[in-house]
Structures are given as structure tokens and as C-alpha cells.
Amino acid sequence: MMASHVDARAAAWLAALMLTACATPEPAAQWESRLRGDAVVLLGEVHDNAEQHRLRLAVLRRALSAGWRPAIAMEQFDIDRQADIDRARRERPRDAQHLIEAATAPRSGWDWALYRPVVALALAYELPLIAANLPNADANRLVRNDYAAVLGGERTRALGLAAPPPADLQSAQEREIDAGHCARLPVALLPGMVRAQLARDALMAQTLTRHAANGVVLLAGNGHVRRDLGVPRWLPPPALARAWAVGFIEAGDAPSLAQSFDATVVTAATPRERDLCDDVVAPKPKG
């Protein structure tokens, strides 16, 4: 039963969630049996693909209906907003929109209509909801500065970033970032962009490890979920042994990306009015 102070908007969201749960269920994939106990599960996404969000929500709903109670860690919340998440939950325990408004900047860049249902699901089941991402201000500073200058020496060591990354990881990340920016980045900027990406992955791995006692799910872009390049590279052995990475990928990318995950869910590409490369503006390196 909902608390009496939950407003009409929150009640509407929860009602919609319950209505969807009563719809004809889709068949569970074989890998979904791993979503139990103390599993560390990484579920990817193409950020603007609504069908992938719908399918991923259904996966989580089935696991929760079966009794799993993991923590939910999200790339979409920066770690410095965890206190805002917790405060919003105390104020309105079932109001996903209130939480989103309290814990994100007005121009965060995320399409919250796609993420609100999973936030509502976490609130409905009273699951820990964990901010997992490096704040953008820190990531931007890392493009220009080394880890210790931005994160401090102690935190850099705790994240495993004090030593240079393996050469294969560095070069592969540079290729991925270059391709993701339509080959429009100055070459001199790539090492700094990789530095920021690795810091995000290392921080997400640390966050998962801290909250993995009863199982934990990371919701993040496919680049972070990849076994070969992403967060799994930074998990300590006990957590890595329990990890399962699922890429939610679009059909055109399936042949090249399928081997990067433990399992994949393939959907059609989301319709886009314009080429994403049209929006890429290459920054100019300083110095």
C-alpha cells in the first residue's frame, strides 16, 4: 500500500508500472537465471533506444518477481548526488519524478522518460538506488589533467588508476572513443578522453563492489558494460567471478559487438531523424 503522502503524480506512475506488469509476459532468456543471489549483473543500453529500455525493464521485473533484491546502480546519477537521492526517498518514498528532479541537473542530457520506469521499479521494491557515475566536472578536468591532480593520490590508488593502463586497453579505448566521435577528435585529445573513460569505469566497478553483498545491477551504456573494455576490467576477482555482462545492442552493431558481452539482446535500431555525427563538435586541444 502506498503511503498517504505520495502525490497523484507518483500514484499514476506506480499504477502504470503495475498495469505493465500485468501485461502478457515475454519469454525469459536463458541467461536470466543468473539474476539471483549475490550476482553482479551489468545491463547495457543504447541510450536513446526505447525498445531496449522496455526489454531491460521487463528483465528486471521478472527477476524481482522471482524474489531477487539487488541494489540498482545507475550511470545516469553522479556519485555526488547520492545524498539527494536518499533525501528524496525520505520525502516521497514512491515518487520517481521527485527523485529525478532532486538528484539531477536540469540539463543533465538524459532522456528521463526512458529511465523513470526503472527508478519507479526500484522504489516500488524498496531497493537500494545507487549513483554510480563520475561527475561531469571531474571527467572534463581529467581530459586536461592527470588522475592525481583531479582525484587526489589516495583516491587514484583506491580506484586502481595509479599505474598506466595496459597497452591493449589504452589503444582499444582510443579507437572506440575516436569512432564514437565520428573520427572528428584531434588525435592529441584522445589520451585525455581515455583517461576520463577509464576513471568512469573504475568508479563504477568500485561502486558495484561496495554494494554487491546481496547482488547488484549496473544500468549503463554498452561501452561501460563490455567485458573486454569496460567496468569488468576493473572488478576485483571475487566480484568478477560473479559478474555477467549483457549488451543491449542494435542489429547493425551485433556482428562486431556480440563477442564483447556474456550475452546480448538485439533490437532494431531506433529511428533517428538525423545522423548523430551531425551533432559532434570536436573540441580543440589546449597547449
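Read-outs: derived from the displayed coordinates by stated rules, not from any lab. This structure is a prediction, so every number in the text was calculated from the model and none was measured. In this analysis, Cβ positions are derived from the backbone assuming ideal geometry, glycine residues included, and neighbour counts consider all displayed protein chains.
Please report the relative contact order for the chain, taking Cα pairs under 8 Å with a sequence separation of at least 6, and give it as a percent rounded to a whole number. Don't skip to the end; give the middle numbers.
On the way: 425 pairs, mean separation 80.3, N = 287.
That works out to 28 percent.
So how far apart, in nm, are the two label points at ALA179 and ARG141 if each is 7 Å from Cα heading toward Cβ?
Placing both labels 7 Å beyond Cα along the Cβ direction yields 3.2 nm.
Could you tell me how many degrees, from 0 to 90 and to the nearest 10, lie between the Cα long axis of helix 190-210 and the main elongation axis, the longest principal axis, of the Cα atoms of the chain?
Compared with the principal axis, the helix lies near 40 degrees.
Name the residues of the stretch 223-261 whose amide N is less than 11 Å from a point 7 angstrom out from the Cα of GLU51 along the C-beta direction?
Within reach of a label on GLU51: 249-252.
Along each principal axis of its Cα atoms, how long is the chain end to end? Whole angstroms, biggest number first, please.
59, 42, 40
What residues have an amide H closer than 5 Å to that of LEU42, excluding those fewer than 5 places away on the same chain, when H is modeled at 1.01 Å from N in the peptide plane?
Placed amide hydrogens put LEU218, TRP244, ALA245, VAL246 under 5 Å from LEU42.
With the chain treated as a Gaussian network of Cα nodes joined by springs under 10 Å, which of GLU273, GLU126, GLU250 yields the largest mean-square fluctuation?
Fluctuation is largest for GLU273.
222 nm [θ] for the chain, helices only, -39500 (n - 2.57) per DSSP H run of 4+, per residue, to 500?
Numbers: 13 runs with 129 residues, N = 287.
Calculated mean residue ellipticity at 222 nm is -13000 deg cm²/dmol.
If you average the sequence gap of Cα pairs under 8 Å that are 6 or more apart and divide by the length of the stretch 52-158, what percent do you get for the contact order?
On the way: 100 pairs, mean separation 38.3, N = 107.
Value for the stretch 52-158: 36 percent.
By the gyration tensor of its Cα atoms, with a ≥ b ≥ c the square roots of the eigenvalues, what is the shape of the stretch 106-257: rounded for a/c under 1.5, prolate for a/b over b/c, or oblate? Write out the running numbers ahead of the final one.
Values: a/c = 1.44, a/b = 1.25, b/c = 1.16.
It is rounded, given that a/c, with a ≥ b ≥ c, falls under 1.5.
Through the Karplus equation 6.51 cos²θ - 1.76 cosθ + 1.60, θ set to phi - 60°, convert the phi angles of the stretch 223-229 into ³J(HN,Hα) values in whole Hz; use x for Gly and Pro.
Values, residue by residue: x, 6, 7, 4, 5, 7, 10 Hz.
Could you give the length gained on full extension between ASP86 and ALA263, defined as 0.36 nm per residue of separation minus the Cα-Cα distance, in nm? It would help to have the intermediate numbers written out before the result.
Numbers: separation 177, 0.36 × 177 = 63.72 nm, distance 3.26 nm.
Going from the current span to full extension adds 60.5 nm.
I need the shape label for the stretch 23-108. Rule: rounded when a/c is under 1.5, else prolate if a/b > b/c, else oblate, with a, b, c from the alpha carbon gyration tensor.
It is prolate, given that a/c is not under 1.5 and a/b is the larger ratio.
Once you place label points 7 Å from the Cα toward the Cβ at ALA241 and SER108, how far apart are they in nm?
3.6 nm
Which ³J(HN,Hα) values in Hz, rounded to whole numbers, follow from the phi angles of the stretch 240-247 under the Karplus curve 6.51 cos²θ - 1.76 cosθ + 1.60, where θ = phi - 60° and Gly and Pro get x?
Computed from phi, the couplings for the stretch 240-247 are 4, 5, 9, 8, 9, 10, 10, x Hz.
Could you work out the relative contact order of the stretch 31-99, using alpha carbon pairs under 8 angstrom and six or more residues apart, expressed as a whole percent?
On the way: 21 pairs, mean separation 18.3, N = 69.
That works out to 27 percent.
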